[in-house]
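Before any comments, here is the structure.
Quick note: the coordinates plus some simple rules give every number you see, no bench work behind them. Keep in mind that what you see is a predicted model, and the values were worked out from it rather than measured. Backbone-built Cβ (ideal geometry, glycine too); neighbour counts: all protein chains shown.
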Amino acid sequence: MDTTSNANVPSEGGSVRAEERWALLRLHVENDISLAAIARDSGTGLRTLERWNAAYRARGFDGLKPAPPRTERRHRLRPELKQVVEGLALIRPRNSVATIHRKVAELCEKHDWSTPSYSVVWAIVHEIDPGMRVLALEGPVAYRDKYELALRRQAGLPNAMWQADHTMLDILIIAPSGKPARPWLSVILDDNSRAACGYMVFLGAPSAMNTALALRQAIWHKSEPDWPMCGILDVLYVDHGSDFISHQLVQVAADLHFTLVHSTTARPQGRGKVERFFGTVNTELLSVLPGHITKGQRRPVPKMTLDQLDVELRGLIVSNYNHRVHSETGATPTDAWISDGWIPRLPESLDLLDGLLLTVAKTRVVRRDGIHFQGLRYVAPTLAGYVGESVVIRYDPRDISEIRVIHRNQFLCKVVDPDHQNTTIGLKEIQAARTLQRRQLRRGINERIAVVADFLPAHGTHPVRDTTEIEVAAPKPRLKIYEEDDP
């Protein structure tokens, strides 16, 4: 075996490892994200991140390159033999180092090559890029969860991005029917300040209407001086719940001029802020209320109504949560939201907001006898001049006895059904980087396995195929009266 000094030659994967370390460390250096938060989200140890940070500040990017192992400095294997070792280490089922060393020894004896020691083989195996090993031996899902850089969504200003989500609460209440029921909570959280801007507690499954009601409360002025959050958002970040991909919410986003962004299916990175808020509600509020559900204990007897629970939730948000220092921002959500005294963007009126949020838009043609919709007929004198014209109607799904008629983006009138008038009837860059990294690792895996197939045909295997992630593309109420509404 050739043995030469190699002290000044960096390990083959040194630059790659440095780039991987920088991908994490730059979140701290450039975006001021704490090392503790990066450690929690990436799974990398905090002490490791601190050591990388110190090395980077002392020697720059070169400080992130790992030192070459002693075995690499002492030994220089034939290139093809080194690739055989790496290929054997990347073949499924996983080979132990002892098995790899034995097969390499047999190959060396066959070709009259000098046999490397066990320690050299061990060093080569453990020098393989960990991401490459995981991708080859555990598959793309395991690689994604361990090594792909997660986009940590962080808004730079209040109202720049809101997050919305639902959870079933750990409490039983008395439903209007008198039976026990477990309520749901929808919340609108400002990503920058962590302020709870709006919420909705309800019975039954989450729906687009409940989400719209929570948005209505979040956008409009509140009656409490201690709850100043309001205004139209720029981005709403949600998951793929049926209400979040509904046509109604898409229409709301278009009407209010905000962007609807959906998290990757089954990968809710970035939405942990809402989950932590739900944890606060369950542990700090519900745990002291009658009817709290405790795992492993008997089913509790409900004693509160939905309205009573709503009062408790409002108290937690307004008097407690929004006014205590947040561990990550170092400020209270209220102070962080008020910031430098900026002015939020607001709708012209509450009535206009209700018309956008709490109604659904449909296109209809005005007939000679009025507008036909859902088996009802809507008539008004104003429509006489628009017979045969296409109009947009807006209606409240909970009360379709009245509709609003819009013609060429101009409001025409409100129309009633005379028979029922008194009856309430963005990442592309991150995704491209992820795909490129997987392809590069996959190419390296296949190159090494191909070498094994050349020298040890019996151990050949199929190349690793790409399984590209598929992004699911994303697809207004008569009114619940809030305390902030004018009488």
In which sequence would LYS103, LYS303 go, from the one with the fewest C-beta neighbours within 10 Å to the one with the most?
LYS303, LYS103
For MET161, distant residues with modelled amide H under 5 Å away
ASP191, ASN192, ASP234, VAL235
I need the phi-derived Karplus couplings for the stretch 213-228: 6.51 cos²θ - 1.76 cosθ + 1.60, θ = phi - 60°, integer Hz, Gly and Pro marked x.
5, 5, 5, 4, 5, 5, 7, 8, 4, 9, 6, 7, x, 7, 10, x
DSSP-defined antiparallel bridges as percent of all bridges, the stretch 359-420, nearest 5:
100 percent
Neighbour-count ranking for PHE202, PHE411 (other C-beta within 10 angstrom, fewest to most) reads PHE411, PHE202
Proxy reagent accessibility, fewest Cβ within 10 Å first, across ILE393, ILE33, ILE188:
ILE33, ILE393, ILE188
Using +1 at the Cβ of each Lys and Arg and -1 at the Cβ of each Asp and Glu in the stretch 161-338, identify which of PHE278, PRO183, PRO225 lies farthest towards the dipole's positive end.
PRO183
For CYS413, the residues 5 or more places away or on another chain with a placed amide H closer than 5 Å to its own amide H are VAL405
Treat each spin label as a single point 7 Å out from the Cα along the C-beta direction, and report the VAL392 to ARG367 distance in nm.
2.4 nm
Most to least packed among 277-283, 292-298 [average Cβ atoms within 10 Å]:
277-283, 292-298
Rounded to whole Hz, the Karplus (6.51, -1.76, 1.60) HN-Hα couplings of the stretch 97-106, x for glycine and proline:
4, 4, 5, 4, 4, 5, 5, 5, 4, 5
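What number does the stretch 359-420 give for Rg over Rh if you use C-alpha atoms and the Kirkwood radius?
Answer for the stretch 359-420: 0.91.
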Can you pull the one-decimal nm distance between simple spin-label points at TRP22 and ARG439, each 7 Å off the Cα toward Cβ?
2.1 nm
For the stretch 442-456, Karplus couplings with θ = phi - 60° (6.51, -1.76, 1.60), whole Hz, Gly/Pro x:
5, 5, x, 4, 5, 4, 6, 5, 5, 5, 4, 5, 5, 8, 10
HIS326 long-range amide H proximity, modeled H, under 5 Å
ALA331, THR332
